[in-house]
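Undergrad: Quick one: the structure is below, and I'll ask about it shortly.
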Amino acid sequence: IWDTPDNLEYMQKIIEEVDVPLTEQEFLIEHVELMDVELVVSSLLSPNGSVLTDARSGQVFIRDNPTNMEHIASTIEQLDVPVNSRTFEIQHVNAEDVVDSLEVLLSERGILQVDPRYNTIVATDLPKRIERMASLIETLDRELTTQTWVVKYTDIDFIADQLESYVPEEMGDIVVNEETHQITVS
């Protein structure tokens, strides 16, 4: 190569960084699909890296530079986590109404099942996701209280409209009695 000294020095540094012996490592995958791991690892490989899976043994064989191998190993450790199941018995609200709020917490591997007969939810997902769901259920599953007010001066429908933003339809009721000028909220 003929070039300026600065460019030659820069090219030499690049060659030294890239031209390193590749390391090999194998991983036993126990809790996720091998194809999913292969897709993720393929996106993390350096240009010289390679990945090979063995469906019979559940192993992934990776060959890459040592620096990149650390990142790949960490990623596989985060991916290969077992899912847990937990049954939540909902006491005070309808379980089907709670599911909509829980679905946003699901991972790609998670699933929710509702049993309306017993008002329960069975959540299967990663342990951290199950913990978040438990916290949300604790917040949502509260005993409803009912209170009635007599409205003397303001338009009762206006008040009802304002209260609807605080009491979602699936979590409570707002009843307006125009004859007696009463509004009841549960």
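The values are calculated or read from the model by the stated rules, or taken from the named source; none is laboratory data. As the structure is a computational prediction, the values presented were derived from the model and not from experiment. Backbone-built Cβ (ideal geometry, glycine too); neighbour counts: all protein chains shown. When the accessible area is computed, the model is the full protein with side chains, heavy atoms only, and any ligands, DNA or RNA have been set aside. Shrake-Rupley method; radii C 1.70, N 1.55, O 1.52, S 1.80 Å.
Undergrad: Simple spin-label model, 7 Å along Cα-to-Cβ: S107 to T4 in nm?
TA: 5.1 nm
Undergrad: Loop only by DSSP, 14 or fewer other Cβ within 10 Å of the Cβ. Give me the chymotrypsin sites (Phe, Trp or Tyr not before Pro) in the range 101-157 that pass, ordered by residue number.
TA: Taking the range 101-157 and a limit of 14 other Cβ atoms within 10 Å, the loop chymotrypsin sites (Phe, Trp or Tyr not before Pro) found are Y118, Y153.
Undergrad: Over the range 85-126, give the accessible area per residue in Å² for a 1.4 Å probe, as an integer.
TA: Accessible area per residue: 60 Å².
Undergrad: Now a separate question. Percentage of Cα-Cα pair distances in the range 1-106 greater than 25 Å, rounded to whole percent?
TA: 49 percent
Undergrad: Heavy-atom accessible area per residue, the range 25-66, 1.4 Å probe: how many Å²?
TA: 63 Å²
Undergrad: Can you check how the C-alpha radius of gyration of the range 69-133 compares to 2.2 N^0.38 Å, as a plain ratio?
TA: After normalising by residue count via 2.2 N^0.38 Å, the value is 1.35.
Undergrad: Keeping the other protein chains in place, figure out the carbon and sulfur percent of the accessible area of the chain, with a 1.4 Å probe.
TA: Result for the chain: 49 percent of the exposed heavy-atom area is carbon or sulfur.
Undergrad: When only C-alpha pairs under 8 Å and at least 6 residues apart count, what is the relative contact order of the range 1-89, in percent?
TA: 31 percent
Undergrad: Right, another one. Which three extents, in whole angstrom, do the alpha-carbon atoms of the range 60-186 cover along their principal axes, largest first?
TA: Taking max minus min along each principal axis of the Cα atoms, the range 60-186 gives 78, 33, 16 Å.
Undergrad: Do the sum for the chain: with -39,500 (n - 2.57) for every DSSP H run of n ≥ 4, divided by all residues, what is the mean residue ellipticity at 222 nm, to the nearest 500 deg cm²/dmol?
TA: -12000 deg cm²/dmol
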